[in-house]
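Engineer: Starting off with a structure, shown below.
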Amino acid sequence: MADQDRFRHHAQPAFVLHTYPFRETSLIVEAYVRDHGRVALVARGARRPKSSLRGVLLPFQPLLLSWTGKKELRTLMRAEWHGAYAPLRGQALICGFYLNELLLKLLPRDDAHERLFAAYEDTLAALRAGDDQPTLLRRFEITLLGELGYAVVLDRDVERDEPVARERSYVYVVERGPVGSVPARRNGVELSGQTLLDMQSGRYTSAVTQQESKVLMRVLINHYLGNQVLHTRQLLRDLQDL
C-alpha cells in the first residue's frame, strides 16, 4: 500500500494545456502542474454526458487535480475548480493558446518550474485584465527560455564583456547574446542597445522596442523549437502583427 501511495497525488494546483479524445468516451489531458510540470493524464469517461469531469477540464481555469500511476500516462481521479471560472475572450484567448502551445512544445514532461508556473498564472490574469498583449507575451517568452536553461542575455556585450550601451547597435547571436563587433552582423538579429535595455527592464512602450523584440524572440523560440511549428502564432499574425 505504501508503494502505491507514492504514485498517488491529491489536489495538485494545475492548468489544462490541451485535451484530445481517447477511445470512445475518454480524454487525454495534457496538464501543467505546479509541483510536477507537464503531466499526461487519461480522464476515463470524461466525454460521457453525465461525467463529473465535463465542463471542468477547461483551459486557463485554475484546477486541483488528483491522479495515480507511475507510467508516462497516468489516470486522472478527480478534477475540481480552484477559484471562480473566468474565461479569456477574443484575441486574449488566442494569446492564451499561444502560451499553452509554447509549454506543450518546449517544456519537458515531469520537469517542475514553480517560477514559470507563477509567471503563467500571472500572465493569464493580466490577459483577462486587458493588459498590453505583446508586452505580456515577450515577458513570458523570456521567462520561459530562462527557466528552460536558455537565458536571454540582454544587458552585456558578450564579446567585449561590457555593459550594453543604449546608443549603440548590436547583433544578437543565438546561444551567445548581444555582440557589438562588425563581423557578428553577418549572422544574427540586429537591434539597438535601447531595445536590449528596455527588454531587460520589461518596458515595451517604444514602437522600435516592440518591433525589434518581437523579431528577436521569434528567432530564439524558432531555434529551440527546431522543426516544430507554432500554429497559434499564425492566428496571432492574422489578427494583429504581434
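The values are calculated or read from the model by the stated rules, or taken from the named source; none is laboratory data. On a predicted model such as this, the values are computed, not experimentally measured, just so you know. When we count neighbours, we look across all protein chains shown, and the Cβ atoms used for this are built from the backbone with ideal geometry, even at glycine. Remember, those area values only see protein heavy atoms, side chains included, never the ligands or the DNA or RNA. Shrake-Rupley method; radii C 1.70, N 1.55, O 1.52, S 1.80 Å.
Engineer: Please give the length that would be gained between SER201 and ARG115 if that part of the chain were fully extended, namely 0.36 nm times their separation in residues minus their C-alpha to C-alpha distance (nm, one decimal). Each step should come with its number before you reach the end.
Structural biologist: Working: separation 86, 0.36 × 86 = 30.96 nm, distance 1.79 nm.
That pair, SER201 and ARG115, stretches by 29.2 nm at full extension.
Engineer: First measure r as the distance between the Cβ atoms of GLN211 and HIS82, then evaluate 1/(1 + (r/R0)^6) with R0 = 51 Å and state the FRET efficiency to the nearest 0.05.
Structural biologist: Result of the calculation: an efficiency of 0.85.
Engineer: Also, quick follow-up: Report, ordered by chain and residue number, the lysines lying within cross-link reach of LYS105, taken as a straight Cα distance under 17 Å and ignoring same-chain residues fewer than 8 apart.
Structural biologist: Leaving aside lysines fewer than 8 places away in the same chain, none come within reach of LYS105.
Engineer: Counting Lys and Arg as +1 and Asp and Glu as -1, what is the net charge of the other residues whose Cβ lies under 9 Å from the Cβ of ASP110?
Structural biologist: For residues surrounding ASP110, the net value is 0.
Engineer: Using alpha carbons only, how many degrees (0 to 90, rounded to 10) separate the axis of helix 114-128 from the longest principal axis of the chain?
Structural biologist: 90 degrees
Engineer: Write down Rg/Rh for the chain, rounded to two decimals, with Rg from the C-alpha atoms and Rh from the Kirkwood relation over Cα pairs.
Structural biologist: 1.04
Engineer: Along the Cα→Cβ direction, 7 angstrom out, place labels at PHE22 and TYR150. What is the inter-label distance in nm?
Structural biologist: Each label point lies 7 Å from its Cα, and together they span 2.8 nm.
Engineer: Here is a further query. Which shape class applies to the stretch 30-127: rounded if a/c is under 1.5, otherwise prolate when a/b exceeds b/c and oblate if not, where a ≥ b ≥ c are the square roots of the Cα gyration tensor eigenvalues?
Structural biologist: Oblate.
Engineer: Starting from the Cα-Cα distance between ASP161 and GLU72, subtract it from 0.36 nm times their residue separation and give me the gain in nm to one decimal.
Structural biologist: Gain on extension, ASP161 to GLU72, equals 27.7 nm.
Engineer: Moving on. Calculate, in nm to one decimal, what VAL229 and LEU58 gain on full extension: separation in residues at 0.36 nm each, minus their alpha carbon distance.
Structural biologist: The span from VAL229 to LEU58 would gain 59.2 nm if fully extended.
Engineer: Which whole-number value in Å² is the accessible area per residue of the chain, probe 1.4 Å?
Structural biologist: 51 Å²
Engineer: I need the shape label for the stretch 75-120. Rule: rounded when a/c is under 1.5, else prolate if a/b > b/c, else oblate, with a, b, c from the alpha carbon gyration tensor.
Structural biologist: oblate
Engineer: Additional query: Based on alpha-carbon positions alone, could you give the equivalent ellipsoid semi-axes of the stretch 131-216 from the gyration tensor, as √(5λ), descending, whole Å?
Structural biologist: Listed largest to smallest, the semi-axes of the stretch 131-216 are 20, 15, 11 Å.
Engineer: Leaving out ligands, DNA and RNA, what percent of the accessible area of the chain is carbon and sulfur, probe 1.4 Å?
Structural biologist: The nonpolar share, carbon plus sulfur, comes to 49 percent.
Engineer: Right, here's the next one. Along each of the three principal axes of the Cα atoms of the stretch 34-81, give the extent in whole Å, ordering the values from largest to smallest.
Structural biologist: Principal extents (largest minus smallest coordinate, Cα): 29, 21, 13 Å.
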